[in-house]
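Colleague: Dumping the structure here so I can ask a few things about it.
The values are calculated or read from the model by the stated rules, or taken from the named source; none is laboratory data. Here the structure is a predicted model, which means the values were calculated and not measured. As a convention, Cβ positions derive from the backbone with ideal geometry for all residues, glycine included, and neighbour counts pool all protein chains shown. Quick note on the areas: whole protein, heavy atoms, side chains included, nothing else; ligands and nucleic acids left out. Shrake-Rupley method; radii C 1.70, N 1.55, O 1.52, S 1.80 Å.
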Amino acid sequence: MKTRTKKRTGTLVLAMLLAVLAGCGSNNGANNDVNNGANSGGENASASAPTSSTPDSGKKVTLTMMVSGTKAPDGQDFALDIMPKLVQEKFPNVTLETSKLPDEQYFTSIRTKLASGKGPDIFWVFPRNASLGVLDMAKAGYAADLSDLTFWDKISQGAKDDMSYEGKPYGIAGGLDYLGVYYNKELFTQAGITEMPQDWPAFLEACQKLKDAGITPISLADKDPWFLQFGMYQIAANEVYPDEMDFDTKLQAGEKSLTDPKWVDTISKMKELYDKGFVIKNSLGLGSAQAAQQFVDGKAAMIFDGTWDYATMTAKGAAEFTRGFFSLPANEPGQPTYVSAATAAGFALNAKSENLDIAKQVMNYLFDGQSDLFKAWTESNSSISVYEGVPLNHELFKEVNDSYLNEGKSVYFPNQMWPTGVAEEMEAKFAEIIGGRKTTPEQVTAAMDAKFKELWKQ
């Protein structure tokens, strides 16, 4: 939504946003969660890291890597299966030990390991202020300065900026991610939906047709709180930002509030899906894997998720059907639909690693544009590539990608501009609505705004 992508002040921020919109050609969920925090100093951390042996020195070296996500269902996971094998083929004396954890477990585990000085050599980091965002990781001294890597001229400027701190890159974006709606084309036809909805009223009408036909319109995983962001940020992209792209910059400057009517309307639209019975029953009891299974088994017509979950959403289930993918049309009639797009999570190197030099050489090999490792990465990567000359990997995303490239109407994931805790407050208060409490959209936005004011540091 987690993801995620995704996470800025003044004209510099606007320039960066324009760069990512024009140059990435974007996520979660990112997935699409986001975080802020941390201590000080990381800018020159790589300079003080211990010098290590080179991969061809003959010394046996073990590199460790930890990433977040779900293991590929076909048994050929890039991080777990493919990358270790190809790294050792290139560097025979280097063993790459990798692990992959679900997002929430990863966030907890990696923070603990980094704080204790026992973090992996390579780890997964998120854009800007996101949970485990590159800004936090650099400030805390956990992520190494990667300015000396050799491939930066091949990466889009927007993606590089989103993984930078004080003008220096501390992470390598995995691509660009879109949030969208995966849908079952056969169930749409069965319900008599002959045209794809182009605005919010039409989307609600399509949901009603599905419900009337005895089909669950939308499967959502509200047991995993961050899943809420996958729908909420698509609505916000069309409700909050089209007339005020600098809303979050103004928010940071104290000129705007999250109690703004546009955010109230965003929460209200999301609430409407539950009020009308369009979301699967007992969504608070469903985790992301269970919600996805409802979709792939043909028991729900739609699910909100991101490009990063392509493998999960296209996995074989109990039903055979054709998938589609579109941007949630939360716009009003006559207005364009904005794509929810953001730089994806990617690789960071541990500034305190004893094998930092070797890890950098592995990254240079991974992103050299021609190696077997690079080819395997581009083939397995669900995110839209931000590496020069790499074509779109999955036709499923072509319509949204074309809209992003040709229309130029897109919005980043909002949590990339908020300190950690704001999105979590949104999730917790909205869960009260799902659970049947009389919490109002106004109360949700008031809680979000109070948390923002508590946490934001100029």
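Colleague: What number of residues within segment 207-229 are open to solvent by 10 Å² or more (accessible area, probe 1.4 Å) and more than 25 Å from the chain's Cα centre (by Cα)?
Modeller: Total meeting the criteria: 8.
Colleague: Is it the case, given these coordinates, that residue 400 is closer than 22 Å to residue 338 by Cα, β-branched (Val, Ile, Thr), out of contact with any His (no Cβ under 7 Å at 6 or more places or on another chain) and part of a helix (DSSP H, G or I)? If you could, list the steps in order and put the result at the bottom.
Modeller: Working: closer than 22 Å to residue 338 by Cα: yes; β-branched (Val, Ile, Thr): yes; out of contact with any His (no Cβ under 7 Å at 6 or more places or on another chain): yes; part of a helix (DSSP H, G or I): yes.
Taking the combined requirement at face value, the residue satisfies it.
Colleague: Can you spot a residue in segment 237-250 that is over 21 Å from the mean Cα position of the chain (by Cα) and of a type in the set (A, V, I, L, M)?
Modeller: So far as segment 237-250 goes, no, none of its residues is over 21 Å from the mean Cα position of the chain (by Cα) and of a type in the set (A, V, I, L, M).
Colleague: May I ask you to list the residues in segment 432-450 that are among the charged types (D, E, K, R) and either outside any loop (DSSP other than H, G, I, E, B) or surrounded by 15 or more Cβ atoms within 10 Å (Cβ to Cβ) (or both)?
Modeller: Restricting attention to segment 432-450, the residues satisfying the condition of being among the charged types (D, E, K, R) are 432, 437-438, 442, 449.
Result: 432, 442, 449.
Colleague: Same structure, new question: Scan (1) under 24 Å from residue 243 (Cα atoms); (2) hydroxyl-bearing (Ser, Thr, Tyr); (3) open to solvent by less than 20 Å² (accessible area, probe 1.4 Å) for the single condition residue 307 breaks and write down its number.
Modeller: (1)
Colleague: Name the residue, out of 453, 457, 429, that is closer than 27 Å to residue 229 by Cα, charged (D, E, K, R), open to solvent by 20 Å² or more (accessible area, probe 1.4 Å) and not in a helix (DSSP H, G or I). Talk me through it step by step, then tell me what you get.
Modeller: Working: 453 fails: not in a helix (DSSP H, G or I); 429 fails: not in a helix (DSSP H, G or I).
Result of the check over 453, 457, 429: 457.
Colleague: Suppose we keep only residues that are in a loop (DSSP other than H, G, I, E, B) and open to solvent by less than 10 Å² (accessible area, probe 1.4 Å) within segment 319-355. Which one would you say is nearest to residue 64 (Cα to Cα)? Talk me through it step by step, then tell me what you get.
Modeller: At the first step, the residues of segment 319-355 found to be in a loop (DSSP other than H, G, I, E, B) are 319-322, 327-338, 344-345, 351-355.
Applying the additional criterion that residues be open to solvent by less than 10 Å² (accessible area, probe 1.4 Å) yields 328-331, 344-345, 351, 353.
Details: 328: 39, 329: 42, 330: 43, 331: 45, 344: 22, 345: 18, 351: 13, 353: 10 Å.
The residue in question is 353.
Colleague: Is segment 360-381 home to any residue that is modelled with pLDDT under 95, of a type in the set (Asp, Glu) and open to solvent by 40 Å² or more (accessible area, probe 1.4 Å)?
Modeller: yes
Colleague: Would you kindly identify the helices (runs of 4 or more DSSP H) lying entirely within segment 208-279 that contain at least 3 residues that are hydrophobic (A, V, I, L, M, F, W, C) and within 13 Å of residue 415 (Cα to Cα)?
Modeller: Values: elements: 229-239, 247-252, 261-275.
The qualifying helices (runs of 4 or more DSSP H) are 229-239.
Colleague: Let me ask something else about it. In segment 387-410, which residues are under 20 Å from the mean Cα position of the chain (by Cα), open to solvent by 60 Å² or more (accessible area, probe 1.4 Å) and either among the acidic types (Asp, Glu) or farther than 23 Å from residue 315 by Cα (or both)?
Modeller: Once the filter is applied, which keeps residues that are under 20 Å from the mean Cα position of the chain (by Cα), open to solvent by 60 Å² or more (accessible area, probe 1.4 Å) and either among the acidic types (Asp, Glu) or farther than 23 Å from residue 315 by Cα (or both), segment 387-410 yields 395, 399, 405, 409.
Colleague: Would you confirm whether or not segment 195-218 contains a residue that is among the acidic types (Asp, Glu), in contact with an Asp or Glu (Cβ under 9 Å, 6 or more places away or on another chain) and over 30 Å from residue 298 (Cα atoms)?
Modeller: Our first condition is that a residue be among the acidic types (Asp, Glu); within segment 195-218, this holds for 195, 199, 205, 212.
From what is left, the residues that are in contact with an Asp or Glu (Cβ under 9 Å, 6 or more places away or on another chain) are 199.
Checking the rest, the ones that are also over 30 Å from residue 298 (Cα atoms) come to none.
No - not one qualifying residue is present in segment 195-218.
Colleague: Would you say residue 117 is over 30 Å from residue 315 (Cβ atoms) and touching a Cys at 6+ places or on another chain (Cβ under 8 Å)?
Modeller: Working: over 30 Å from residue 315 (Cβ atoms): yes; touching a Cys at 6+ places or on another chain (Cβ under 8 Å): no.
So residue 117 fails the test.
Colleague: Additional query: Starting from residues that are modelled with pLDDT of 95 or more and either among the charged types (D, E, K, R) or at positive phi (or both), keep the ones in segment 439-458 and report whichever is farthest from the chain's Cα centre (by Cα). Reasoning before the result, please.
Modeller: Pass one, segment 439-458, residues modelled with pLDDT of 95 or more: 439-454.
From the residues that got through so far, the ones that are either among the charged types (D, E, K, R) or at positive phi (or both) too are 442, 449, 451, 453-454.
Details: 442: 27, 449: 23, 451: 22, 453: 24, 454: 25 Å.
Across segment 439-458, the extreme among qualifying residues is 442.
Colleague: Give the residue, chosen from 195, 186, that is in a loop (DSSP other than H, G, I, E, B) and not hydrophobic (A, V, I, L, M, F, W, C). Reasoning before the result, please.
Modeller: Working: 186 fails: in a loop (DSSP other than H, G, I, E, B).
From the options 195, 186, the qualifying one is 195.
Colleague: Could I ask something else about it? Among (1) over 19 Å from the mean Cα position of the chain (by Cα); (2) farther than 30 Å from residue 297 by Cβ, there is one condition residue 348 misses while meeting the rest; what is its number?
Modeller: (1)
Colleague: Of these, 65, 83, which one is open to solvent by less than 20 Å² (accessible area, probe 1.4 Å) and outside any helix (DSSP H, G or I)?
Modeller: Numbers: 83 fails: outside any helix (DSSP H, G or I).
Testing whether each residue is open to solvent by less than 20 Å² (accessible area, probe 1.4 Å) and outside any helix (DSSP H, G or I) leaves just 65.
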